[in-house]
């Protein structure tokens, strides 16, 4: 089934398209969340959560803002990160400072963060497609160097070398802009 047809059928709450969706996109979802979660049970629970979120929020998907695969990957990644955070035991729960200080950034901090994200995104987008893909695999999808090497046909040493040069190039491009 074509992606556009699948999306339209999902928006119509067609249950047959849900099974087609699972068949086509379940491997991608598992692949995206696996680096964040430890046990098979956690991964399966997270896959279920992701599928449910996609089913509930399919009306929000807008193809003019990005492609369907990227949307699914973002939901998968964020869900896995949130689930992994919940599983990590919190230290110093009784720390009074943590109870009193709001974890939310101030409006000024939020604005600065947003500007820094724009600058960083421009720098990353200035990289070649190959370098940008390698950068995202390592630092956004948190794939191991050995996994990247295996899937790209490079040696681990070559992957590490390219990542080093990419980071060096980004530092040069950014030239302290993020820290002004």
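The values are calculated or read from the model by the stated rules, or taken from the named source; none is laboratory data. Predicted, not measured: the structure shown is a model, and the values here were computed from it. All Cβ positions, glycine included, derive from the backbone under ideal geometry; neighbour counts span all protein chains shown.
Taking first residues from region 1-29 that are more than 17 Å from residue 66 (Cβ to Cβ) and partners that are part of a loop (DSSP other than H, G, I, E, B), the Cβ contacts under 6 Å between residues at least 6 apart in sequence or on separate chains come to 20/1.
Of all residues in region 43-65, those satisfying the criterion of being at pLDDT 90 or above and over 13 Å from residue 10 (Cα atoms) are 43, 44, 45, 46, 47, 48, 49, 50. Residue pairs whose Cβ atoms lie under 9 Å apart, sitting 6 or more positions apart in sequence or on different chains, and linking a residue in region 37-56 that is outside any helix (DSSP H, G or I) to a partner that is at pLDDT 90 or above and surrounded by fewer than 17 Cβ atoms within 10 Å (Cβ to Cβ), are 37/45.
Of all residues in region 12-36, those being assigned to a helix (DSSP H, G or I) and more than 19 Å from residue 82 (Cβ to Cβ) number 13.
Quick check: is even one residue across region 117-124 at pLDDT 85 or above, surrounded by 11 or more Cβ atoms within 10 Å (Cβ to Cβ) and within 30 Å of residue 24 (Cβ to Cβ)? The answer is yes, given that some residue of region 117-124 is at pLDDT 85 or above, surrounded by 11 or more Cβ atoms within 10 Å (Cβ to Cβ) and within 30 Å of residue 24 (Cβ to Cβ).
Restricted to region 57-68, and to residues there that are assigned to a helix (DSSP H, G or I) and surrounded by 12 or more Cβ atoms within 10 Å (Cβ to Cβ), the residue that is nearest to the chain's Cα centre (by Cα) is 68.
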